[in-house]
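Working notes, beginning with the structure itself.
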Amino acid sequence: MHNISDIRLFMLDMDGTFYLGNDIIPGSLEFIQAVKDSGRDYLFLTNNSSHNALHYVKKLHNMGLDVDRSKILTSGEATASYVKHAYPGLKPYVLGNDFLIEELREAGIEPVKDNADYVIAGFDTTLDYAKMTRVCDYIRAGLPYIATHPDFNCPTETGFIPDIGAIMAFIEASTGRKADLIIGKPYRGIVDAALERTGLRVQDLAMVGDRLYTDIETGNRHGMTSILVMSGETTPEMLAESDIKPHLRYDKLADMIPLLKS
Ligand SMILES: [Mg+2]
């Protein structure tokens, strides 16, 4: 049985869960306050590796929530945490924006252009043909190939833009290889990074989000409580048709506030 009262830490998706685009979802701030007042904790989780944690600190600040960057876990940081253990001292070739490169450097990982030992593929909005050629050369040569997250598209104010999933499909068409490991939701890597950061066990955590195949799948697959909020992407029809079912379901974060008092 999954109960709100057993949860020590809420892992929160952002877009569609805490805010919608640039607008906070009503009651989100009150939910965070209620989580804190009840002695529980929270961690924002995002698959988007084209921005760093500081970008989200600023975005949340503009919505009235002051958080330390340790309260935000990006797939880029989770990737840094994974490769630091998996490939100590080795150097990656990285597809990614400067934010991702910086996040890796902060973790002591030095990206290189030549003589790389492995490949990290992230969401790179500065991608060009020379980079694609280089990364395909490395992957064709058999280097370990890690991707930050699986999303095919990234929602923006003006519609979808191609994300890393689409870049990986390009790489696969050229090299015949899929990524050896994907870190972001719904995969294990980002969960391990969250456990390392919080010191908690999976059964203490809830994954809260608006998307069935990333957020809810993350909770279900890795032994957490999965909580769907209907404030974003998922409609009642999509939920009825999907094989992926959340343990708990609310219209929005604020609907959990009364349950935190018990
Ligand atoms: Mg979302």
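Things to note:
- Flagged links, alpha-carbon separation over 30 Å, of K84/K261; K71/K131; K58/K252; K113/K178; K84/K252: K84/K261; K71/K131; K84/K252
- Dipole magnitude of the chain about its Cα centre (Cβ charges: Lys, Arg +1; Asp, Glu -1), debye to nearest 20: 560 debye
- The value given for the stretch 76-182 is a Kirkwood hydrodynamic radius of 13.8 Å, derived from the mean inverse Cα-Cα separation.
- Cβ-defined net charge surrounding P92, 10 Å radius [Lys, Arg +1; Asp, Glu -1]: -1
- Ranking V135, P162, I120 by how far each Cα lies toward the positive end of the dipole of the stretch 105-175 (charges on Cβ) leaves V135 at the top.
- Long-range HN-HN contacts of I161 with modeled amide H, under 5 Å: C154, T156
- Over the stretch 92-230, relative contact order from alpha-carbon pairs under 8 Å, at least 6 apart, %: 16 percent
- Within the stretch 211-230: backbone nitrogen closer than 20 Å to the D255 label point (7 Å, Cα to C-beta): 211-220, 225-230
- Helical content of the chain, expressed as a calculated mean residue ellipticity at 222 nm, amounts to -10000 deg cm²/dmol (DSSP H runs of 4 or more residues, -39,500 (n - 2.57) each, divided by residue number, nearest 500).
- Counting only DSSP beta bridges whose two residues both lie in the stretch 105-181, roughly 50 percent are antiparallel.
- Distance cut-off 23 Å, percentage of C-alpha pairs in the chain lying past it: 51 percent
- Our estimate of slack between A240 and Q33, defined as 0.36 nm per intervening residue step minus the Cα-Cα distance, is 71.3 nm.
- Using a simple spin-label model with pseudo-atoms 7 Å out from Cα toward Cβ, F152 and R201 lie 3.9 nm apart.
- Near N22, once Lys and Arg are set to +1 and Asp and Glu to -1 for all other residues with Cβ below 15 Å from its Cβ, the sum equals -1.
No lab work stands behind these numbers, since they all come straight from the coordinates. As the structure is a computational prediction, the values presented were derived from the model and not from experiment. Neighbour counts run over all protein chains shown; Cβ positions are idealised from the backbone, glycine included.
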